[in-house]
């Protein structure tokens with residue numbers, strides 16, 4: 001059977017993964033995406049590894065039932081705790097939100113000193129640290145948990161002076177560590193990129209892990225001969241576990257495209 | 001059977017209900033409390049009514065199985081959407097976090113102009129508005145959703161200048177409405193009371209809905225002859241659906257007492 005016409009499945013705890021989808025559909029305009037946002041149980045960032053593994057497996061089963069050719073775990077917290085489990089359990093290519101950003105940061109950093117911003121769950125899992133050290137054991141990694149960034153983005157406070165103060169509070173430690181590369185290790189953080197760039201200054205290169213993840217997904221599909229070449233109109237599908245209306249309203253800002261219909265799972 | 005020695009059951013989506021428990025154990029030091037924090041599924045504030053009803057019924061069943069004489073829904077969002085369902089379903093006294101605060105605000109306000117602060121869920125349910133208008137149809141009610149307050153409290157930003165800016169952003173509208181009474185309509189908000197009081201000024205009386213709820217629970221137990229008169233040492237019990245350690249660490253600040261052991265449900 002030719003799988004190449006099947007869709008790419010993608011899940012996140014909520015809206016954040018839409019920044020990965022945004023990058024993916026820009027890179028691969030012929031591909032269809034089935035996106036699942038687990039909005040009834042968000043956020044994942046401060047839940048335990050066991051709970052996140054359970055939720056991730058349930059989400060993967062739901063998407064695989066929709067017939068997908070690849071699964072993108074578009075959520076750093078779920079990737080941190082559950083990617084290995086998912087790859088061992090299911091028989092399709094499954095990629096996470098962490099390795100691609102770590103790879104790009106390793107190639108970018110000149111002084112081998114890299115900061116990683118993420119949710120509490122991502123940071124305490126040390127997944128970025130492990131991925132960076134596996135690539136360069138001499139790397140110095142500065143992990144910074146930024147738990148207020150997701151609510152600030154979700155509440156449209158990204159241009160508010162309070163967001164600037166909170167960005168400064170979390171990131172002021174960076175200047176003491178001679179960092180030259182910084183990873184946005186959460187799919188919500190690209191919406192704060194301008195504030196973060198202004199805070200850390202031009203000498204630090206910012207790696208957007210959503211963009212890195214999308215680039216990696218595209219190259220993997222190509223390697224496996226799974227790219228869709230059909231010129232039929234692409235029809236993405238969106239599912240959530242709660243409140244389709246809110247997802248539809250807010251999702252546009254993350255995706256950069258209108259979302260016409262959202263199904264309740 | 002004499003039920004008076006049984007414990008009082010209490011649930012919230014997480015830690016916030018501990019501010020109600022704090023008030024309750026101060027008022028009734030002989031009572032035992034069994035507290036359930038649904039930390040695997042928090043926050044409830046932005047989930048749909050159907051989901052919140054389902055979660056609330058599951059939480060109530062769990063507590064009733066532990067043998068309780070009264071159930072306190074120590075969460076404004078769950079009260080808004082699920083209190084009626086719970087009262088119709090279960091055969092013990094069940095009180096919510098909304099009516100007691102509405103009652104106290106109605107008695108307090110001289111100019112009949114009352115502001116209500118709450119999560120998105122509480123505000124969009126219009127529960128406080130309905131409770132206030134049922135008591136005084138001439139009341140003018142100003143509802144204000146403050147979705148960033150809970151994360152600010154949970155992340156210990158209550159003394160940070162960013163919290164002050166966010167309090168100002170949400171509450172600046174109050175000065176145009178000649179409000180004389182303001183309800184803290186979420187169990188997390190008492191921890192922001194000082195900032196809120198400084199923002200709105202001394203001419204506005206702040207009603208702490210956690211304290212009002214505890215006072216009402218005490219009077220209802222007394223009316224029903226259910227007060228515990230035993231002088232045995234009181235042993236509260238704590239259950240959560242995720243991450244007992246985090247609950248134990250952060251809970252102390254909400255409860256004002258050390259929490260010695262937290263069980264995973």
Worksheet item: Given the structure, is residue B:38 buried (at least 24 other Cβ atoms within 10 Å of the Cβ) and farther than 18 Å from residue B:218 by Cβ?
Response: yes
Item to complete: State yes or no: is residue A:238 assigned by TED's automatic domain parsing to the domain that holds residue A:157, on the phi < 0 side of the Ramachandran plot and surrounded by 21 or more Cβ atoms within 10 Å (Cβ to Cβ)?
Response: no
Worksheet item: Restricting to the range A:2-55, what's the tally of residues that are part of a helix (DSSP H, G or I), over 19 Å from residue A:118 (Cα atoms), touching a helix residue (DSSP H, G or I) at 6+ places or on another chain (Cβ under 8 Å) and facing another protein chain (nearest Cβ under 10 Å)?
Response: 1
Practice prompt. State all residues of the range B:219-245 that are within 21 Å of residue B:15 (Cα to Cα) and assigned to a helix (DSSP H, G or I); if no residue qualifies, say none.
Written response: B:244, B:245
Item to complete: Tell me, please, whether a residue that is in a helix (DSSP H, G or I) and crowded, with 24+ Cβ neighbours inside 10 Å can be found in the range B:64-73.
Response: no
Practice prompt. State whether the residues of the range B:197-220 include one that is touching a helix residue (DSSP H, G or I) at 6+ places or on another chain (Cβ under 9 Å), without any contact (Cβ under 8 Å) to a residue 24 or more places away in the chain and surrounded by 15 or more Cβ atoms within 10 Å (Cβ to Cβ).
Written response: no
Worksheet item: Scanning for something more than 15 Å from the chain's Cα centre (by Cα) and within 14 Å of chain A (Cβ to nearest Cβ), does the range B:70-81 turn up at least one residue?
Response: no
Worksheet item: Only one of (1) out of contact with any strand residue (DSSP E or B) (no Cβ under 8 Å at 6 or more places or on another chain); (2) assigned by TED's automatic domain parsing to the domain that holds residue A:255 fails for residue A:87. Which number is that?
Response: (1)
Worksheet, complete the sentence: residue A:58 passes all but one of the listed conditions (1) closer than 24 Å to residue B:49 by Cβ; (2) in contact (Cβ under 8 Å) with a residue 40 or more places away in the chain; (3) out of contact with any helix residue (DSSP H, G or I) (no Cβ under 6 Å at 6 or more places or on another chain); the exception is number (2)
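The values are calculated or read from the model by the stated rules, or taken from the named source; none is laboratory data. None of these values were measured; they are calculated from a predicted model. As a convention, Cβ positions derive from the backbone with ideal geometry for all residues, glycine included, and neighbour counts pool all protein chains shown.
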